[in-house]
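The values are calculated or read from the model by the stated rules, or taken from the named source; none is laboratory data. Fair warning: this is a prediction, and the values are worked out from it, not measured in the lab. Cβ coordinates were reconstructed from backbone atoms using ideal geometry, including for glycine residues, and neighbour counts include every protein chain displayed.
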Amino acid sequence: MIAEILNRYTTNKYLHSIIILVAFFVMSEFVVLISQKVILRLTKKTKTEIDDLIVARTNKPLSLILLLIGFRLAVIPHRISGDILDLIEHGISSLIIVIVTYIAIVVVDIIISNWGRKFASRTESKVDDEIVALFQRFSRILLSFVGLIFILQVWGIQVGPLLASLGIAGLAVAFALQNTLGNIFGGVSLIIDRSITIDDFITLDDGTRGIVADIGLRSTKLKSPDGDLIIIPNGKLADSKIYNYHKPLPKTRVTAEFGVKYGSDVEKVKKMVLSEIKNVKDILQDPEPAVVFEEFGDFALKFKAFFWVASIEKKMASKEAALAAIYSVLNKNKIGIPFPTRTIYMSQETKQ
């Protein structure tokens, strides 16, 4: 519309171009002014800061797009050969695509960063920061690639064969990095599922056990009961059966096994042991401790004492204290604790 008005009322092509450039410059500055003075004030009233950041970081690139459009229109009145005009048009279109791609990257970065902060507030692991950074890098590469395709199309370059070759190359890279990618996706699944968190005590199906010290993007670090550092690839960890002693609740049940000699009064043994273990330090009264007669053993009547403690860290000490208390009360009441015995019968042959 501006170009049509100028064509009608101006005959000097240089003046025509100058007026177009000035008009679009004023429009671009007006866009920046409106976004900073009006739109930003409105976005600050919202609960989220995403819109504030988007407006603040995209107003100048949008104004630059207006300047490029104005420059393209300013070139029209001048007699320029077709090849040069095509070169200018392609160059301006390419610059506009670059700016639009930049705006898209900025918007996606802001959204991912905002989502990442909310996601990170729910976890104690550093892996969420790595996941957010990974998503940001991936989105930048993807959007840049899309922008490059549009630029190639502007210059008349066929992108079909290029995409086919890149697809083959991508498959080769993915195949070569399948273990690494498996570990990365394993770490992502662990942090999203929240099956383990920092300071959880876990045991794997192969017997590996320890406290979770750190969950990384490629591996998870465990601190064993002996103080060793165990590094497990996340791909293997995600495929393992995990016993988490801190979930759904940190408290855990302890089982103390013992046996008494045959002929002992079963009910008396149960009552005295139950009374004794209730007084052991750190044992919870809810759920209530229990003592059960389990079976007739080869050389003893076998019992089990069950009780709960507040966390896995107190399990070993409480079990030791309970076993000591059981031994003490049985010994005090003269109830024998048998041990495996073997009787050997020997015969002596008489000489003829």
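Could you tell me which of the residues 100, 132, 146, 127 is of a type in the set (A, V, I, L, M), buried (at least 16 other Cβ atoms within 10 Å of the Cβ) and modelled with pLDDT of 75 or more? The match here is 100. Criterion applied to 247, 261 was being of a type in the set (Lys, Arg) and either under 46 Å from the mean Cα position of the chain (by Cα) or in the same structural domain as residue 207 (by TED's automatic domain parsing) (or both), and the one residue passing it is 247.
Annotation note: Cβ proximity below 6 Å between a residue of segment 214-236 that is not assigned by TED's automatic domain parsing to the domain that holds residue 135 and crowded, with 19+ Cβ neighbours inside 10 Å and a residue that is β-branched (Val, Ile, Thr) and modelled with pLDDT under 85 (sequence gap 6+ or interchain) occurs for 215/127; 217/127; 217/184.
Of all residues in segment 315-329, none are in contact with a Pro (Cβ under 9 Å, 6 or more places away or on another chain) and among the polar types (S, T, N, Q). Is there a residue being touching a residue at least 12 places away in the same chain (Cβ under 8 Å), assigned to a helix (DSSP H, G or I) and polar (S, T, N, Q) anywhere in segment 331-342? Within segment 331-342, none of the residues are touching a residue at least 12 places away in the same chain (Cβ under 8 Å), assigned to a helix (DSSP H, G or I) and polar (S, T, N, Q). Among the residues of segment 25-58, the ones that are surrounded by 15 or more Cβ atoms within 10 Å (Cβ to Cβ) and basic (Lys, Arg) come to 1 in all.
Quickly run through segment 34-54 and pick out the residues that are in a loop (DSSP other than H, G, I, E, B) and either touching a strand residue (DSSP E or B) at 6+ places or on another chain (Cβ under 6 Å) or of a type in the set (D, E, K, R) (or both). The answer is 44, 45, 47, 49.
What are the residues in segment 292-318 that are surrounded by fewer than 18 Cβ atoms within 10 Å (Cβ to Cβ) and within 27 Å of residue 263 (Cα to Cα), if any? Passing the criteria: 292, 293, 294, 295, 296, 297, 298, 299, 302, 304, 306. Residues in segment 187-203 that are in contact with a Phe, Trp or Tyr (Cβ under 9 Å, 6 or more places away or on another chain) and either under 20 Å from residue 249 (Cβ atoms) or in a loop (DSSP other than H, G, I, E, B) (or both): 200, 201, 202, 203.
Against the list (1) closer than 30 Å to residue 323 by Cα; (2) small (Gly, Ala, Ser); (3) at pLDDT below 85, the condition residue 210 fails is (3).
Of note, residue 152 satisfies the criterion of being touching a helix residue (DSSP H, G or I) at 6+ places or on another chain (Cβ under 9 Å), under 30 Å from residue 92 (Cβ atoms) and at pLDDT 65 or above. In segment 44-56, is there at least one residue being of a type in the set (Asp, Glu), assigned by TED's automatic domain parsing to the domain that holds residue 155 and either more than 29 Å from the chain's Cα centre (by Cα) or at pLDDT 80 or above (or both)? No, segment 44-56 contains no residue that is of a type in the set (Asp, Glu), assigned by TED's automatic domain parsing to the domain that holds residue 155 and either more than 29 Å from the chain's Cα centre (by Cα) or at pLDDT 80 or above (or both). Restricting segment 237-267 to residues that are touching a residue at least 12 places away in the same chain (Cβ under 8 Å) and charged (D, E, K, R) leaves a set whose member that is nearest to residue 208 (Cα to Cα) is 241.
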